[in-house]
Amino acid sequence: MFTNQSNNTFNHGIHPPENKEETNKLPIRQFPFSPVIILPTAQHLGKPSEIIIREGQEVARGQILANATGYMSVPLHSPVSGRIRKITNVPTISGKMVPGIIIEPFAASGQEVMEGNPVDVNHATPEEILKAIQDAGIVGLGGAAFPTHVKLKVPEGKVCEDLLINGIECEPFLTTDHRVMLEQAEDIFMGIRYLLRATQAKQVIIGIEANKQDAADYLTGLIPEDLPLKVKVVPVKYPQGAEKMLITSILGKEIPSGGLPIDVKVVVVNVATTAEIGRLLPHGRGIQERVITITGPGVSKKGNYRIAIGTPLRFVLEQVGVEDTVSEVYMGGPMMGVAVSNLDISIVKGTSGIVVFTEREAKKDPKVYPCIKCGACVDACPISLNPSKLGILAKYEEYDKMAEQYNLLDCFECGSCSYVCPSHIPLVQYFRLSKTIVRKRIAS
Amino acid sequence: MSILTAFLALGGLTLLLAVLLIVANKKFYVYEDPRIDQVEDMLPHANCGACGFPGCRLFAEALVSGDVLPGKCSVSAEQDRVEIADFLGVNLGSEEKRVARLACNGGTNVAINRANYTGIPTCQASALVSGGGKGCFWGCLGYGDCQVVCDFDAIQMNQFSIPEVDVDKCTACGDCVEACPKGLFSIEPISHRLWVACKSLEKGDDVLDDCEVGCTACGKCAMDAPANLIEMVNNLPVINYSENHNTRIPIERCPTGAIVWLDDKLGAQKGKEAKIIVRKGQKMMGGS
């Protein structure tokens with residue numbers, strides 16, 4: 001197995017401008033409730049949840065609105081106390097219309113939350129904890145929105161030795177994980193206790209990039225004595241926050257192509273997800289809000305906000321003082337986030353940030369030149385693919401060849417290749433398209 | 001002397017291999033009907049798959065074995081089909097001509113864009129970026145993937161970036177059906193003149209906000225139509241083509257012209273009460 005433990009990082013990767021200094025000193029603030037809350041039922045990877053309330057019904061904050069529909073699904077809780085105005089198709093970031101719920105919060109809707117059954121960390125079995133995590137509606141808050149209980153389930157015959165808490169946050173502009181680490185240390189430690197019990201891991205490492213040294217020092221100083229916990233600082237590099245890269249950086253192990261972290265006896269959980277587990281499970285609450293960074297040159301009130309899930313994007317932009325001249329809005333960060341085509345979508349569980357660029361910064365559709373075979377993308381690709389060759393094959397629609405001979409499906413769309421390409425070839429867009437087509441062909 | 005050895009050795013080897021080939025040729029001979037080759041030559045070699053077979057060769061095999069009739073090939077000319085039928089001594093077999101129909105009429109002059117998309121200029125790629133910039137999620141994105149994929153030049157993008165199908169050239173091969181990421185094309189018998197040119201599952205003003213020619217699910221067509229012909233399902237009229245559908249009545253009161261009459265010569269005809277669209281330029285958000 002290939003190891004490079006000596007330099008504490010992975011091979012290749014890029015160094016985009018971080019742009020975090022404007023928000024990383026700003027404490028997390030509560031965002032107001034919007035006059036309407038839009039909740040799609042497909043906020044996580046897997047099956048959408050099934051709506052169990054009816055139009056006109058009054059719901060309490062924290063009440064379950066939609067049940068999980070199987071193992072790869074989580075329930076949906078009401079983020080506000082209010083009245084169900086409509087159950088209808090609502091737009092999502094993917095552009096699809098999915099069944100959803102529109103709630104009108106009561107003017108007097110407060111912060112109190114309806115609670116369920118608390119889970120005692122010292123006595124619950126791993127299965128009980130996983131069930132509680134699913135019941136709390138928790139998904140990966142880093143952006144992928146993968147149901148956390150599925151990720152934590154150690155398959156039969158495998159063991160988890162190391163539990164990695166991902167506090168890397170390598171995406172430019174975003175500072176949510178940074179602030180969570182500085183402000184919710186107790187929640188993180190409580191979350192780790194639950195995770196340790198659920199996975200039976202032997203040790204825990206919190207991975208933090210060197211640009212968040214203050215968070216690393218702060219957490220190191222607070223580690224409870226009974227936790228087998230270490231904080232490890234790694235050099236700044238994009239895309240270190242990707243699971244595969246993080247494991248290589250911290251443990252020096254490499255996940256085989258097509259494999260999962262558990263194949264090298266590791267489970268990785270995002271630090272915000274950990275904090276949310278530690279915050280919700282002792283009270284038996286469901287997830288109704290999350291921390292997001294709202295930043296970018298187009299925003300006048302930049303900051304880190306705790307915001308109700310389902311808050312419409314249009315309301316968010318109004319509140320943070322975005323002018324009408326906006327030309328590009330990203331959900332997530334500028335590297336792996338998605339450009340928004342519709343301001344009527346809402347904040348979902350997987351939204352980690354909103355970045356707004358004005359017309360001045362937005363790139364004016366740069367001219368695409370042919371590939372000059374400079375190899376910059378090959379040097380940038382963190383998983384050592386050959387983006388140059390893949391790009392050429394994509395152009396000629398040789399999708400099967402890309403998948404079979406050039407490991408297209410290992411690409412996790414970090415965008416490093418497009419970022420460095422001097423010819424402005426939209427490589428990662430080609431790969432996203434090719435992956436969709438290949439997956440469709442495999443499925444049929 | 002040595003040259004002789006080489007000559008004999010290679011000559012012997014050649015002879016041996018030749019004998020082997022002859023034996024193999026006789027022993028492993030598979031009889032194939034010679035008519036398959038001849039029929040294949042008479043077919044158009046388009047390999048389009050409209051007949052339901054994965055290419056002209058396999059269609060020829062099926063023809064010779066009598067599984068299908070020549071009329072199934074929608075690409076070849078009438079006289080070629082007659083020739084094949086005569087050659088094989090079978091009936092021509094009548095297949096009604098089928099063509100690709102598009103269930104959207106939301107061109108740039110009537111449907112808004114919420115966002116400008118820049119990137120790979122294909123429908124497939126733009127559909128992956130938040131579903132494309134179009135206001136209507138179900139609507140045609142207008143980058144012309146269907147035009148590119150059509151082997152018969154039957155699809156042309158019109159001035160409003162909506163594909164128009166030339167029914168004479170269309171062979172119903174179905175390539176456009178697969179190419180469209182929004183699934184707007186379908187292959188329909190040409191006699192299906194009554195057609196719903198909208199796929200939006202929204203209703204009322206939600207539709208009109210995005211597109212002036214979308215179906216608002218008012219239900220007038222279903223009310224006017226003969227019994228059982230049209231049923232409203234998921235905010236869209238669904239035409240039951242097993243009923244007698246040769247009537248223009250349902251289109252007449254449609255307020256937006258979402259349900260149309262497909263005329264061979266005049267193209268899609270809207271009803272009398274349909275809103276008349278005079279705008280030639282692009283429809284902007286919020287504009288009337």
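Can you list residues whose amide H is under 5 Å from residue B:113's amide H, if they're 5+ apart or on another chain and H is modeled 1.01 Å from N?
Sorted by chain and number, the residues that satisfy this are B:135, B:285.
Could you compute the net charge surrounding residue A:403? Neighbours are other residues with a C-beta less than 12 Å from the C-beta of residue A:403; K and R count +1, D and E count -1.
Surrounding charge for residue A:403 is +1.
Between the stretch A:29-79 and the stretch A:210-288, what is the C-alpha centre distance in whole Å?
One Cα centre to the other: 27 Å.
Using protein heavy atoms only (no ligands, DNA or RNA), what is the total accessible area buried between A and B, 1.4 Å probe, nearest 100 Å²?
For A against B, buried area totals roughly 1600 Å².
If I model the protein assembly as shown as equal point scatterers sitting on the Cα atoms and use the Debye formula, what is log10 I(q)/I(0) at q = 0.12 Å⁻¹?
At q = 0.12 Å⁻¹ the computed log10 ratios are -1.37.
Sum up the charges of everything whose Cβ sits under 15 Å from the Cβ of residue A:254, counting Lys and Arg as +1 and Asp and Glu as -1, but leave residue A:254 out.
So the environment of residue A:254 carries a net charge of -1.
What pairs in A:435/B:134; A:367/A:401; A:158/A:212; A:265/A:435; B:169/B:283; A:131/A:202 have C-alpha atoms more than 25 Å from each other?
Those over the limit are A:367/A:401; A:158/A:212; A:265/A:435; B:169/B:283.
Using each residue's phi in the stretch A:34-51, evaluate 6.51 cos²θ - 1.76 cosθ + 1.60 at θ = phi - 60° and report the 3J(HN,Hα) Karplus result to the nearest Hz, with x for Gly and Pro.
Listing the rounded values in order: 8, x, 8, 10, 10, 10, x, 7, 9, 9, 10, 5, x, 6, x, 7, 10, 5 Hz.
Local charge sum around residue A:320 (other residues, Cβ-Cβ under 9 Å, Lys/Arg +1, Asp/Glu -1)?
For residues surrounding residue A:320, the net value is +1.
So which helices of chain B fit the span-like rule, where a helix is a whole DSSP H run, its Cα atoms reach 27 Å or more along the axis, and its mean Kyte-Doolittle is at least 0.0?
Flagged H segments are B:2-27.
Using the Karplus curve 6.51 cos²θ - 1.76 cosθ + 1.60 with θ = phi - 60°, work out ³J(HN,Hα) for each residue of the stretch A:327-343 in order, rounded to whole Hz, and write x for Gly and Pro.
With the stated coefficients, the stretch A:327-343 comes to 10, 9, 10, 10, 9, x, x, x, 7, 10, x, 10, 5, 8, 10, 8, 7 Hz.
Karplus couplings for the stretch A:221-227 from phi (6.51 cos²θ - 1.76 cosθ + 1.60, θ = phi - 60°), rounded to Hz, Gly and Pro as x?
Karplus values, whole Hz, x for Gly and Pro: x, 9, 4, x, 5, 7, 9.
For the stretch A:86-117 and the stretch B:1-72, what is the centre-to-centre distance using only Cα atoms, to the nearest Å?
Here the two parts' Cα centres lie 66 Å apart.
Can you pull the accessible area of residue B:285 for me, 1.4 Å probe, Å² to the nearest 10?
100 Å²
Running a GNM on chain A with Cα contacts under 10 Å, which residue among A:369, A:238, A:218 ends up with the highest mean-square fluctuation?
Among A:369, A:238, A:218, the largest GNM mean-square fluctuation belongs to A:369.
Tell me, what is a quarter of the convex hull surface for the C-alpha atoms of the stretch A:113-239, in nm² with one decimal?
8.7 nm²
For A:12, A:77, what's the largest-to-smallest order of accessible area, 1.4 Å probe?
A:12, A:77
Taking all protein chains in place and a 1.4 Å probe, what share, in percent, of the accessible surface of the stretch A:243-344 do carbon and sulfur account for?
Carbon and sulfur together cover 49 percent of it.
Most fluctuating residue of B:16, B:201, B:141 in a GNM of chain B with Cα springs under 10 Å: which is it?
It is B:16.
Which loop chymotrypsin sites (Phe, Trp or Tyr not before Pro) in the stretch A:331-400, with loop taken from DSSP, have no more than 14 other Cβ atoms within 10 angstrom of their Cβ?
Here the sparse-neighbourhood loop sites are A:396.
Where q = 0.11, 0.13, 0.14, 0.23 Å⁻¹, what log10 of I(q)/I(0) comes from the Debye formula for the stretch A:376-443, counting one point per Cα?
Log10 I(q)/I(0), no solvent term: -0.21, -0.29, -0.34, -0.92.
Work the Kirkwood hydrodynamic radius out for the stretch B:98-269: mean of 1/r over every pair of different alpha-carbon atoms, inverted, in Å.
For the stretch B:98-269, the Kirkwood estimate is 16.4 Å.
In whole Å, largest first, what are the principal axis extents of the Cα atoms in the stretch A:34-109?
Taking the Cα atoms of the stretch A:34-109, the three principal extents are 35, 25, 18 Å.
Under 13 Å Cα to Cα from residue A:20, which aspartates and glutamates show up? Leave out anything in the same chain fewer than 8 places away.
Reachable aspartates and glutamates: A:169, A:171, A:177, A:209.
Taking H as built 1.01 Å from N, whose amide H comes closer than 5 Å to the amide H of residue A:69, not counting residues under 5 places away?
A:50, A:74
Over the stretch A:1-160, what portion of Cα pair distances is larger than 20 Å, expressed as a whole percent?
Every Cα pair in the stretch A:1-160 considered, those over 20 Å come to 65 percent.
Quick query: amide H of residue A:234 versus all other amide H atoms, modeled in the peptide plane; which residues come in under 5 Å with a sequence gap of 5 or more or a different chain?
For residue A:234, whose amide H was placed from the backbone, the distant partners under 5 Å are A:208, A:209, A:210.
Give the ranking of A:230, B:199, A:435 by solvent-accessible surface, highest area first, calculated with a 1.4 Å probe.
A:230, B:199, A:435
When DSSP beta bridges are limited to those with both residues in the protein assembly as shown, what percentage is antiparallel, rounded to the nearest 5?
70 percent
Could you tell me which residue out of B:147, B:14, B:122 lies farthest along the dipole of chain B toward its positive end? Charges go on the beta carbon: Lys and Arg +1, Asp and Glu -1, centred on the Cα centre.
In chain B, that residue is B:122.
If you keep only loop residues by DSSP, which chymotrypsin sites (Phe, Trp or Tyr not before Pro) in the stretch B:20-117 have at most 11 other Cβ atoms within 10 Å of their Cβ?
Taking the stretch B:20-117 and a limit of 11 other Cβ atoms within 10 Å, the loop chymotrypsin sites (Phe, Trp or Tyr not before Pro) found are B:28, B:29, B:31.
As a test question: what accessible area, to the nearest 10 Å², does residue B:41 have when a 1.4 Å probe is rolled over all protein chains in place?
Surface accessible to solvent at residue B:41 totals approximately 110 Å².
Starting from a Cα-only point model with no solvent, please compute log10 I(q)/I(0) by Debye for the stretch A:1-364 at q = 0.14 1/Å.
-1.20
If I build a Gaussian network model for chain A, linking alpha-carbon pairs within less than 10 angstrom, which residue out of A:177, A:135, A:263 has the largest mean-square fluctuation?
Judging by the Gaussian network model, the answer is A:263.
Excluding ligands and nucleic acids, what accessible area in Å² is computed for residue A:439 using a 1.4 Å probe, to the nearest 10?
130 Å²
Let me know the charge dipole size of the protein assembly as shown about its Cα centre in debye, to the nearest 20, where only the beta-carbon of Lys, Arg (+1) and Asp, Glu (-1) is charged.
Computed charge dipole of the protein assembly as shown: roughly 880 debye.
Kirkwood hydrodynamic radius for chain B: how many Å is it when counted over pairs of different Cα atoms?
Over chain B, the inverse of the mean reciprocal pair distance is 22.5 Å.
How much area per residue is accessible in the stretch B:87-133 when the probe is 1.4 Å and only protein heavy atoms are counted (Å²)?
Value returned for the stretch B:87-133: 41 Å² of accessible area per residue.
The values are calculated or read from the model by the stated rules, or taken from the named source; none is laboratory data. Quantities reported herein were computed from a predicted structural model and do not represent experimental measurements. Positions of Cβ are backbone-derived with ideal geometry, glycine not excepted, and every protein chain shown enters the neighbour counts. When the accessible area is computed, the model is the full protein with side chains, heavy atoms only, and any ligands, DNA or RNA have been set aside. Shrake-Rupley method; radii C 1.70, N 1.55, O 1.52, S 1.80 Å.
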